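**Student:** Pasting a structure here, questions to come.
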Amino acid sequence: MQIKQFFLFAAMSTSLLSLASNNDIPVYLDKGKPIDERVEDALSRMTLEEKVALCHAQGKFSSPGVSRLGIPELWMSDGPHGVRAEINWNDWGYANWTNDSITAFPALTALAATWNPEMAAIYGKNVGEEARYREKDVLLGPGVNIYRTPLNGRNFEYMGEDPYLAGEMVVPYIQELQKNGVAACVKHFALNNQEKWRGNINVKVSDRALYEIYLPAFKRAVQDGKAWSIMGAYNKVWDEHCCHNSRLLNDILRSEWGFDGVVVTDWGGAHDTRQAALNGLDIEMGSFTNGLTSESDFGYNDYYLADPYLDMIKRGEVPASTVDDKARRILRLIFRTSMNTDKPFGSVATPEHYAAAKQIGDEAIVLLKNNGILPLDPAQQRNILVVGENAIRPLNQGGGSSELKVKDMFTPLDAIRATYGNDVKFAEGYRTGRPMYDAEDIIPDAILDSLRSEAVAMAKNADAVIYIGGLNKNGFQDCESTDRREYNLPWSQDKLIEELAAVNPNLIVANISGNAYAMPWLDKVPAVLQSWYLGTMLGPSMADVISGRVNPSGKLPFSFPKKLEDNGAHHFGEVSYPGIEGTSAGNAVADLKGADVSAGNDPRQEYLEDIFVGYRWHDVKKIPALFPFGYGLSYTTFDYGKATLSSKEISADGSITITVPVTNTGNVEGKEIVQLYIQDEKSSLPRPIKELKRFKKITLAPGQTKEVTFTITPQDLKFFDDTKHEWIVEPGKFKAMIGASSTDIRTTLQFAYK
Ligand code: BGC
């Protein structure tokens, strides 16, 4: 070889070699590169068709990747209390796999009732491991819609009536879940506070209520939890469906909060291609179904963000930059989840997961009343009778999309027998039929009467009766797609409880529900426990609290009004709840193509109670609740000492600390949830009497005292001034109210903001 040729060859091979080493790993596949660089690289290699394909479903719970480039698809699953059983590719039927049974974790209402962010972290970690094991990339939850009315069929999936409590609890759930390489999909954004007419009810709400009550938990989920995805709600707000609502998604979520994740529709929540293209929606799922049962013949290419979108881009009717933005976000989500090769492998239905579910359940149960009958000592010989269908019912069935196929379910009756012996007797007392979404099994009165008589007859001969009733996951109870029709307990339970109380003074009512209900029999029973849907470990948690092995430490995450009209949403009549029916009112979310969904025909609603939701309403109207927000008893008692302030003044860039000593004055170890509420004594706009700003759950041995310290900054004193569209704090006096519930304030301090 001549020298010149040699050099040419050598030069060529070096450049070929370096080319080869660069090209061996394209940037988008290079794990060492930052995600956004990889995303840009992937995007630059994709065709318009491939970008559009990312933006809509390919099956009931999956959306495509870019198979030509080896970019994997996304697999989603409900959410939020466990990983739902596999659904068929193309219809709502269950796929009947045999390897998809899981742990059911307590419902989110229960999680909120623990008032313990550590429990939220444990929850997120454990459910995340299960989602990962089941090879899911997106878990459809958690939900943080605010508890506005006790009739909302879906309150059990949310975290109560207070935005601060919900925000504190949602953040650790998301953070720990996402460590598994599984995205949270926080739902339902926003103002989906009832199920009745959920598909098209047109909500009107003031900016103050929006920013102070309904958005803060979502904002925390996005900014502090760093949620990778969020689900649009079914309903409309300001005449536009939430799944492509320009103000909610473009202005608030993206511009104000800087969300870098993906907006997914609720299933069947998209209704218009142009709005979907322009208003911040990224992935369209479940179109032309009602999200639960109904189907249509339309295929995935007919989706609003499929062929119709491609055509609009090609015709120049919407800019191609819209699809670049969506694809960029979706790729980011894919890189964070399905394409993340460093994620752990997960695990399912393990003893650790059961223990986590039990621990959360133990901390969630709320003791509402106790004349001393509880705890019921297992060492003492007694004839115990358990009454009520919820003692044996598989409560993970029904309820809508949160339904779970549990590997194991330990019922209250099983656990009570394990605690008190197999001779514990059982009477059904009432019967409710199968769980169905918007239909009911009608149980003939004759059957209900005979079940009640049987239970009452057995109660006469018992030393103690444990009543386990409440609501269940049937339609019109705690169930998606319908609201409750009455505030009282259904299936004649009030009558049953009254009759049981009349024949047996030792009646412990231990109800299970995700909602408040009336208690006309309260004065006649010695003890009331509020339990929730606690999933796999429901029975053991309940039995342990009843027997005293666990000292109850949950507090109510929402108020129990005495009667429905005492709740702010119900005070103003139908315009406020359920809304005024329009000509197209219906519960179906599916506007099968061509249906009239124009705004004028929709049911409409105004949130007239404004910022005064839950305890804020009870406070301002001076209407005592049956059981207030933040309330819950223990088998021990706590004494609050005098609180002290680090300073009597707080400046714009300063902070103050508030310290309160709390002592366990009883004989057993217990946990207390110390709550700090703030009152602005005088303000230019109306403000609540008090608002929860901090809380802390502490464990105290008998006789032990601990000091609880809270730090407050001017941020905590602000309200949303809608005229200026900003959070402001006005100089003046404030009160720090520290107590054991929203109405049990034990010590109050005053300070000034200068
Ligand atoms: C529900 C969502 C759920 C989705 C998928 C909808 O009906 O509103 O919360 O994630 O279905 O099952």
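The values are calculated or read from the model by the stated rules, or taken from the named source; none is laboratory data. Computed from a predicted model, the values in this text were never measured in an experiment. Neighbour counts run over all protein chains shown; Cβ positions are idealised from the backbone, glycine included. All accessible areas refer to the heavy atoms of the entire protein, side chains included, with ligands and DNA or RNA removed. Shrake-Rupley method; radii C 1.70, N 1.55, O 1.52, S 1.80 Å.
**Student:** Kindly indicate the residue of region 95-135 that is over 19 Å from residue 356 (Cα atoms) and open to solvent by 10 Å² or more (accessible area, probe 1.4 Å) and also nearest to the ligand (Cβ to nearest atom) among those meeting that condition.
**Tutor:** Looking at the filtered set, the residue picked out is 95.
**Student:** Another one. Being open to solvent by less than 10 Å² (accessible area, probe 1.4 Å) and either in a loop (DSSP other than H, G, I, E, B) or within 15 Å of the ligand (Cβ to nearest atom) (or both) is the filter here, so list the residues in region 268-277 that pass it.
**Tutor:** Passing the criteria: 268, 269, 270.
**Student:** For residue 213, work out the one condition from (1) within 20 Å of the chain's Cα centre (by Cα); (2) within 16 Å of the ligand (Cβ to nearest atom); (3) of a type in the set (Val, Ile, Thr) it doesn't fulfil.
**Tutor:** Here residue 213 meets the rest and fails (2).
**Student:** Would you call residue 182 without any contact (Cβ under 8 Å) to a residue 60 or more places away in the chain and either under 18 Å from residue 230 (Cα atoms) or within 14 Å of the ligand (Cβ to nearest atom) (or both)?
**Tutor:** Against the criterion (without any contact (Cβ under 8 Å) to a residue 60 or more places away in the chain and either under 18 Å from residue 230 (Cα atoms) or within 14 Å of the ligand (Cβ to nearest atom) (or both)), residue 182 does not qualify.
**Student:** Just to check your reading of the model, which residue among 622, 648 is open to solvent by 40 Å² or more (accessible area, probe 1.4 Å) and more than 25 Å from residue 560 (Cα to Cα)?
**Tutor:** Of 622, 648, the one residue that is open to solvent by 40 Å² or more (accessible area, probe 1.4 Å) and more than 25 Å from residue 560 (Cα to Cα) is 648.
**Student:** Right, another one. Please state which of the following conditions residue 372 fails to meet, knowing it meets all the rest: (1) on the phi > 0 side of the Ramachandran plot; (2) within 16 Å of the ligand (Cβ to nearest atom); (3) open to solvent by 10 Å² or more (accessible area, probe 1.4 Å).
**Tutor:** Of everything listed in (1) on the phi > 0 side of the Ramachandran plot; (2) within 16 Å of the ligand (Cβ to nearest atom); (3) open to solvent by 10 Å² or more (accessible area, probe 1.4 Å), residue 372 misses just condition (2).
**Student:** Which condition does residue 192 not pass, out of (1) open to solvent by less than 10 Å² (accessible area, probe 1.4 Å); (2) closer than 14 Å to residue 222 by Cβ, if it passes all the others?
**Tutor:** So residue 192 meets the others, but not (2).
**Student:** Right, something else. Scanning for something among the aliphatic types (A, V, I, L, M), modelled with pLDDT of 95 or more and farther than 22 Å from residue 161 by Cα, does region 669-682 turn up at least one residue? Spell out the reasoning first.
**Tutor:** In the first step, residues of region 669-682 are kept if they are among the aliphatic types (A, V, I, L, M); the result is 673-674, 676, 678.
Filter once more, so that each one left must be modelled with pLDDT of 95 or more: 673-674, 676, 678.
Applying the additional criterion that residues be farther than 22 Å from residue 161 by Cα yields none.
No.
**Student:** Moving on to the next point. Name the pairs whose Cβ atoms lie under 7 Å apart, with the first residue in region 76-93 and over 19 Å from residue 64 (Cα atoms), the second open to solvent by less than 20 Å² (accessible area, probe 1.4 Å) and of a type in the set (Asp, Glu), and 6 or more positions between them or separate chains?
**Tutor:** Pairs found: 80/157; 82/130; 83/130; 84/78; 85/100.
**Student:** Residue check: is residue 331 within 29 Å of the chain's Cα centre (by Cα) and closer than 27 Å to residue 120 by Cα?
**Tutor:** In short, no.
**Student:** Ok, one more. Select from region 292-307 the residues that are over 11 Å from residue 55 (Cβ atoms) and in contact with a helix residue (DSSP H, G or I) (Cβ under 7 Å, 6 or more places away or on another chain) and write down the one among them that is most open to solvent (accessible area, probe 1.4 Å).
**Tutor:** My answer is 301.
**Student:** Let me ask something additional. Within region 30-54, restricting attention to residues that are within 23 Å of residue 270 (Cα to Cα) and open to solvent by 10 Å² or more (accessible area, probe 1.4 Å), which residue is farthest from the ligand (Cβ to nearest atom)?
**Tutor:** For region 30-54, the residue satisfying everything is 48.
**Student:** So which helices (runs of 4 or more DSSP H) are wholly in region 286-366 and hold at least 1 residues that are closer than 28 Å to residue 102 by Cα?
**Tutor:** Hits in region 286-366: 320-336, 351-364.
**Student:** Continuing with the same structure: Anything in region 55-82 that is buried (at least 22 other Cβ atoms within 10 Å of the Cβ), under 27 Å from the mean Cα position of the chain (by Cα) and away from the ligand (no atom under 14 Å from the Cβ)? List them, or say none.
**Tutor:** Across region 55-82, the qualifying residues are 55, 56.
**Student:** Based on what the data block shows, is residue 372 more than 18 Å from residue 416 (Cβ to Cβ) and more than 25 Å from the chain's Cα centre (by Cα)?
**Tutor:** Judged against the criteria, residue 372 is a match.
**Student:** Condition (residue is open to solvent by 20 Å² or more (accessible area, probe 1.4 Å), of a type in the set (D, E, K, R), touching a residue at least 60 places away in the same chain (Cβ under 8 Å) and within 16 Å of the ligand (Cβ to nearest atom)) applied to region 278-288: is it met by at least one residue?
**Tutor:** No, because not a single residue in region 278-288 is open to solvent by 20 Å² or more (accessible area, probe 1.4 Å), of a type in the set (D, E, K, R), touching a residue at least 60 places away in the same chain (Cβ under 8 Å) and within 16 Å of the ligand (Cβ to nearest atom).
**Student:** Restricting attention to region 143-179, which residues are within 14 Å of the ligand (Cβ to nearest atom) and open to solvent by 10 Å² or more (accessible area, probe 1.4 Å)?
**Tutor:** Within region 143-179, none qualify.
**Student:** Also: What are the residues in region 728-747 that are open to solvent by 50 Å² or more (accessible area, probe 1.4 Å) and without any contact (Cβ under 8 Å) to a residue 40 or more places away in the chain, if any?
**Tutor:** Residue satisfying the conditions is 731 alone.
**Student:** Continuing with the same structure: If you scan region 235-245, which residues turn out to be buried (at least 24 other Cβ atoms within 10 Å of the Cβ) and out of contact with any His (no Cβ under 7 Å at 6 or more places or on another chain)?
**Tutor:** Across region 235-245, the qualifying residues are 235, 236, 242, 243, 244, 245.
**Student:** Inside region 250-264, can you point out the residues that are more than 16 Å from residue 333 (Cβ to Cβ) and either in a helix (DSSP H, G or I) or within 16 Å of the ligand (Cβ to nearest atom) (or both)?
**Tutor:** Scanning region 250-264 gives 250, 251, 252, 255, 256.
**Student:** Tell me which strands (runs of 3 or more DSSP E) are completely within region 644-729 and hold 3 or more residues being of a type outside the set (D, E, K, R), or say none if there are none.
**Tutor:** Counting at least 3 such residues, we get 656-664, 670-680, 691-700, 705-712.
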